[in-house]
Amino acid sequence: MLSTSEWRPLAEAHAARVDDFVRPHLARRAGQVKHPVHDFLFTYYSQRPAHLRRWHPGYGVALEDAEEHASLKGYAGDPVAVTAAYVAAQRPLLTQLHSLLTATAARPPQLGCFGLHEWAMVHRSAEHVTRHDWPLRLGPEGTDAVVESHRVACSHFDAFRFFTPTSRPLNTLQPGRDDRPAFEQPGCLHAGMDLYKHAFRLTPMVPSELVADCFELARDIRVLDMRAAPYDLADLGFEPVRIETTEGKAAYVEAQRGFAERGAPLRARLVAECERLLDATP
């Protein structure tokens, strides 16, 4: 059990940690200003900014004088804590995530995709409609030529499903919605960003420090994801990673390897949390 004087500073520190990213997003949203890089973690993923700011100690820790937690999903008692009944009800989710995370961790990272998923999403699109309101760095024809002159090897379904009809047959893999454990690999940028999704889906059963760690990784990966994309984001201060060149490919692979190394211990921590929670409610 944590006393009020113990847990409130932890909660405040967590909110302050994520506010550097949350507050600018809320300001942009209030002003109806879109940001193609930084908004992604709040628009693509379902975790709301207020939920990201809210601190949880995780299953097995009770909080003294925590009335604001008492009404939250999964909590009960006095002192308040996440209940065993709630954890037991989440066994299907825990089992699913454990299977996906362990399968992903067991594979060597594949580092040859060069971020072509974003390029494939605009390949020969009708009237060259793009997913973001920013110009294509090489223009429509140049973008199409990059896709068609490279080997496209996207292993992540949630990226692959946005490929245009003309680019889908060019992908050497055909991942599906229900076979993610058979395709996910730790070198994939989206698999790294999804560690944040897995962490917040386990809320409030896992400590918020783990969620914040995964969030920060996803934030940094997203920057590389869009720097290597076909869009010209120079006006936003993002220098492109020119994956159509030898030098750009090398820079992308180096950064991709670094993110795979950063993601490995986070993935292991999520696996350990799934196992702890599954063991707690046999």
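The values are calculated or read from the model by the stated rules, or taken from the named source; none is laboratory data. Note that the structure is a prediction, hence the values are computed from the model and not measured. Methodologically, a virtual Cβ is constructed for each residue, glycine included, from the backbone with ideal geometry; neighbour enumeration extends over all protein chains shown. Note: accessible area is taken over every heavy atom of the protein model, side chains too, but ligands, DNA and RNA are not part of it. Shrake-Rupley method; radii C 1.70, N 1.55, O 1.52, S 1.80 Å.
Points worth noting:
- Taking the conditions (1) within 24 Å of residue 256 (Cα to Cα); (2) at pLDDT 95 or above; (3) under 22 Å from the mean Cα position of the chain (by Cα) in turn, residue 132 satisfies each one other than (2).
- Any hit, segment 69-78, residues being of a type in the set (S, T, N, Q) and either touching a residue at least 24 places away in the same chain (Cβ under 8 Å) or surrounded by 14 or more Cβ atoms within 10 Å (Cβ to Cβ) (or both): no
To keep it simple, each residue is scored yes or no on (1) more than 30 Å from residue 82 (Cα to Cα); (2) touching a residue at least 12 places away in the same chain (Cβ under 8 Å).
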{"residue": "167", "(1), (2)": "yes, yes"}
{"residue": "182", "(1), (2)": "yes, yes"}
{"residue": "194", "(1), (2)": "no, yes"}
{"residue": "209", "(1), (2)": "no, yes"}
{"residue": "213", "(1), (2)": "no, yes"}
{"residue": "224", "(1), (2)": "yes, yes"}
{"residue": "229", "(1), (2)": "yes, yes"}
{"residue": "235", "(1), (2)": "yes, no"}
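- Residue list for segment 242-261, restricted to those being touching a residue at least 12 places away in the same chain (Cβ under 8 Å), assigned to a helix (DSSP H, G or I) and either open to solvent by less than 50 Å² (accessible area, probe 1.4 Å) or among the hydroxyl-bearing types (Ser, Thr, Tyr) (or both): 248, 249, 252, 253, 255, 256, 259, 260
- Residues in segment 220-277 that are of a type in the set (S, T, N, Q) and either in contact with a His (Cβ under 6 Å, 6 or more places away or on another chain) or closer than 30 Å to residue 91 by Cβ (or both): 0 in all.
- Residue count for segment 22-63 satisfying the condition of being touching a residue at least 40 places away in the same chain (Cβ under 8 Å), within 26 Å of residue 237 (Cα to Cα) and within 18 Å of the chain's Cα centre (by Cα): 7.
- Members of segment 1-26 that are farther than 22 Å from residue 211 by Cβ and outside any helix (DSSP H, G or I): 3
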